[in-house]
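Enquirer: Starting off with a structure, shown below.
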Amino acid sequence: MKAINIIKNTRYDRRIKKISFFCFTFLISLIATVVEAEDQYPAFSVKGFGSIGYTRTDTDQIGFYRNRTQTQEAKKSLEISTDSRLGIQLDVDISKSLQASTQFILRDHAGDFLEQNLDSVYLRWYLTEDTSIRFGRMGADSFLLSDYRNVGYAYPWMRPPHEFYSNIPITHYDGIDVTKFLSLGNDYLSLKAFAGYTSTNLSEEYANLELEGPIAGANIVYESENWRTRVGYTYIRQVKEIQLQTLRAAINDPLTNSVIPGISDLTPLLSVKDSNLHFISLGTTYDDGTWLVHTEASYIDTQNIFNPDVASAYLSIGRRFSTLTLYTLYGISHSFHKKHKVPDVRFPVPALIALQQATDSAINDNGTDEQSLSLGLRWDLHPKVAFKAQWSHYWLADDGASLWQKPASRKIPDNVNVISFGFDFIF
Amino acid sequence: MLKNIIILLLISVFSSQLHAEIIVIGNLENNIPTMTKKKVQEFFMGRTRFFSNGVRAVPIDASDLRKGFYQKLTHRPIEQINAYWARLTFSGHSTPPSKMPDQQAVIIAVKKGKGAISYINRDKMNESQVKPLYIFE
C-alpha cells in the first residue's frame, strides 16, 4: 500500500497507477488460468442489475441526493439520475479454488467516470473450503447494506435509508480481505477482516472532497433461518485536504485578519487532512417470507468539522402479500457538531461580509439533523423485474441539511416530500 | 367439451408442477451418501462449495423445474430466491447455481460432471444414469 501512496500528485498519475494495479490483478488471473486449467475451467459468466427510477421533491429550495457522491440533485421536476443505474459483472471461475470478478456501474458519481464507477476487480482464492482471501478492488461494506446498496432488486425500498447510507459513502477500496465462514449446526457465522486504500470522490456540493486514505476494518455476520445480524467496524485515515485553499488563504491573510479580527484563528478548522474516521455499526434483518424487518444503528467518529460525529439509525417493516410488498421506513440521523462563532467585520464592505459568510457556511453548515418517514410498495411483476414506488417525508432542522444540496441563501425548508417510482431488474 | 379438456389439461399441468416428486441427483461416480434437506439447501443457497468427500460441488438449476424446486426447498417464491441471489452475487459473496434449460440437459450435465448436483422429476429418474441424493415428498 505504501507504493500506492507514492505517486498521487495528479489525477492522471492516479489513474495510471490504478489501471496498472488492475492489470496486475488480471495478469495473475491469466497465469493462474494457464497453470490450473481443467476441463470445466475457466468458466465465464456475465450478470447484471439495474434500476430506472424517477424522483422529484416538492420544493426547489433544496436539492435531494441519494448520497454525497451524486452530482445531479432532484428538485421539483422529475429527475432520472438520482435512482437510476446499470451494473455489469463478469465472473470467472479459474480453478476449483480461484475466482476473478469485475463489476462496473454506470451511475451519477463525482470524479473520474471510469475509475470511480469501477466497483470491483478482484481475485479470490479459497485457502480452505471455508476461508477465502481476496486481492484487488472490493466493494466497501461498512454497514449492513453497503456492498449491495446499488442493487435495488435485492431490497424493498427505492434506495437504502438516506439518513444512514448517504453520509460518508465509501464505495470501494483497493486492498485485501480475508473471510472465514463457519457452519454452526443450523446457523452460520462469517468473520471478515480487510485493509487497503480507499478513494471516493464527493460532489461539488461538498467542495469536491476526496475521501481518500488507508482503510481497515472487520465485521461479523451471524445468520440463522430468518435472521441476519451484523456488527462492523471500519477505520479510515483521511489523507487528502478539502479543496478550500482559496478560502483558507483568504482568512489566513494578515490583512483579512486586521479587518475581521480573529478570523485567522479559524484557519485550522478548514482542514480534514490527517483526521481519523471510525465507523461502528450494528444491524439486523428478519425475513420469514411474509414479514420483512430491517434495522440498523451506527456511530461515526470523525475528528473534523466537515463530517462531524454522527449517530444514525433506521427501522423498516414490510409485509408481503404474494408479489406485492408494502413497507414503511423511519430513519434518523443527528450529528454532534459545535457551532463556531465567526468574528464580525470591522467595516461593512460587501466583499468582507461575503468572506465572513462563506467562512461561517464552510465551518457551521455541515451538521446533519434529519428524520424521515417513508411509505412504499414493491411489486414483483416478473421473476426478474420489480416495480417500486415510495413517498418519503423529511424533517430537517435549521443546521442539519448536510446530506442535501443547500441553497446559497442557507435557508432550508423544515419539511420536504420526496416522491419516487421506478423499476429494478436483474439479468 | 373443448373447455373441459382445456381445464383438465391446465389442472394436470398445474398439479404436476405442485405435486410431482422432485429428486435431487448427483453423479454416479461421486461417492457420497444420500443427504438431508438442510444439506441440499446448503448446496443450492451458496452455503457450502464441497461435498463431504472433498469433491467441488457444482449445483445446476433446471429452468423448467426451478420454481417448484425452490418452493419445496425453502417455501419461498422464486422472486425472493432471485433477490437473495442478487444480494450474494453482486456483493461478491457467492455465485448462484448455473442454469440449464430443462431436465434433459440437467441429466446430461450430471452424468458428465463428477461434482454436479441438480434435480429432476421422478418420472425422469433413471438410476443407471444418475444417483438419487434426496427425494422431496
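Enquirer: Let me know the mean shielding of B:66-79 by other chains, meaning the per-residue number of their Cβ atoms within 10 Å of its Cβ. The partial results should precede the final answer.
Expert: On the way: counts 1, 1, 0, 0, 0, 0, 0, 0, 1, 2, 5, 6, 3, 13.
Mean shielding by partner chains, rounded to a whole number: 2.
Enquirer: Which whole-angstrom value gives the distance between the alpha carbon centres of the stretch A:47-100 and the stretch A:309-355?
Expert: 21
Enquirer: Assuming 1.567 mPa s and 4 °C, estimate D for chain A with Stokes-Einstein, Rh taken as the Kirkwood radius over Cα pairs, in µm²/s. Walk me through the numbers on the way to the answer.
Expert: Values: Rh = 23.1 Å.
Answer, rounded: 56 µm²/s.
Enquirer: On C-alpha positions alone, give me the angle between the axis of helix A:350-364 and the longest principal axis of chain A, in degrees, nearest 10.
Expert: The helix A:350-364 is inclined about 40 degrees to chain A.
Enquirer: Select from chain B the helices, each a whole stretch of DSSP H, whose alpha-carbon atoms run 15 Å or more along the helix axis and whose Kyte-Doolittle mean is at least 1.0; answer none if there are none. Could you put the intermediate results ahead of the total?
Expert: Values: long enough: B:2-19 (25 Å, 1.53); B:78-90 (18 Å, 0.10).
Passing helices, by number: B:2-19.
Enquirer: Shifting gears a bit: Looking only at other chains, what is the average number of their beta-carbon atoms within 10 angstrom of each beta-carbon in A:124-132?
Expert: Details: counts 1, 0, 3, 0, 1, 5, 3, 0, 2.
Counting other chains' Cβ atoms within 10 Å and averaging over A:124-132 gives 2.
Enquirer: Right, next: Let a ≥ b ≥ c be the square roots of the eigenvalues of the Cα gyration tensor of the stretch A:45-173; is it rounded (a/c under 1.5), or, if not, prolate (a/b larger than b/c) or oblate?
Expert: Prolate is the answer for the stretch A:45-173, as a/c is 1.5 or above and a/b outweighs b/c.
Enquirer: Using alpha carbons only, how many degrees (0 to 90, rounded to 10) separate the axis of helix A:11-36 from the longest principal axis of chain A?
Expert: Taking the Cα atoms of chain A, the angle to A:11-36 is about 10 degrees.
Enquirer: Which order do the peptides B:114-126, A:177-189 take when ranked by the mean count of other beta-carbon atoms within 10 Å per residue, highest first?
Expert: Listed from highest to lowest mean packing, they are B:114-126, A:177-189.
Enquirer: Let me ask something else about it. Would you tell me the mean number of C-beta atoms belonging to other protein chains that fall within 10 Å of each C-beta in A:150-156, as a whole number? Each step should come with its number before you reach the end.
Expert: Working: counts 2, 6, 1, 7, 10, 3, 1.
The mean count of partner-chain Cβ atoms within 10 Å per residue comes to 4.
Enquirer: Is the shape of the stretch A:99-183 rounded, prolate or oblate, going by the alpha carbon gyration tensor and its root eigenvalues a ≥ b ≥ c, with a/c under 1.5 for rounded and a/b larger than b/c for prolate?
Expert: Oblate is the answer for the stretch A:99-183, as a/c is 1.5 or above yet b/c matches or exceeds a/b.
Enquirer: Assign one of three labels to chain B, namely rounded, prolate or oblate, based on the Cα gyration tensor with a ≥ b ≥ c the square roots of its eigenvalues; rounded applies when a/c is under 1.5, prolate when it is not and a/b is larger than b/c, and oblate otherwise.
Expert: Here chain B falls in the oblate category.
Enquirer: Right, here's the next one. Within the stretch A:367-427, list the trypsin sites (Lys or Arg not before Pro) lying in a DSSP loop whose Cβ has at most 12 other Cβ atoms in a 10 Å radius.
Expert: Answer by residue number: A:Lys411.
Enquirer: So what J values fall out for the stretch A:287-292 if you push phi through Karplus, 6.51 cos²θ - 1.76 cosθ + 1.60 with θ = phi - 60°, rounded to Hz, Gly and Pro as x?
Expert: Listing the rounded values in order: 8, 9, x, 10, 9, 9 Hz.
Enquirer: For the peptides A:279-285, A:190-196, what is the packing order when you average, over each peptide's residues, the other Cβ atoms within 10 Å and list the highest mean first? Show your work: numbers first, answer last.
Expert: Numbers: A:279-285: 19.0, A:190-196: 17.3.
Ranking the peptides A:279-285, A:190-196 by packing returns A:279-285, A:190-196.
Enquirer: So what is the calculated 222 nm ellipticity per residue for chain A, using -39500 (n - 2.57) for each DSSP H run with n of 4 or more, over all residues, to the nearest 500 deg cm²/dmol?
Expert: Computed mean residue ellipticity for chain A: -4500 deg cm²/dmol.
Bear in mind these aren't lab numbers, they're just calculated from the coordinates by the rules spelled out. Being a predicted model, the structure only gives us computed values, none of them experimental. Every residue, glycine as well, gets a Cβ built from its backbone with ideal geometry; the counts of neighbours run over all protein chains shown.
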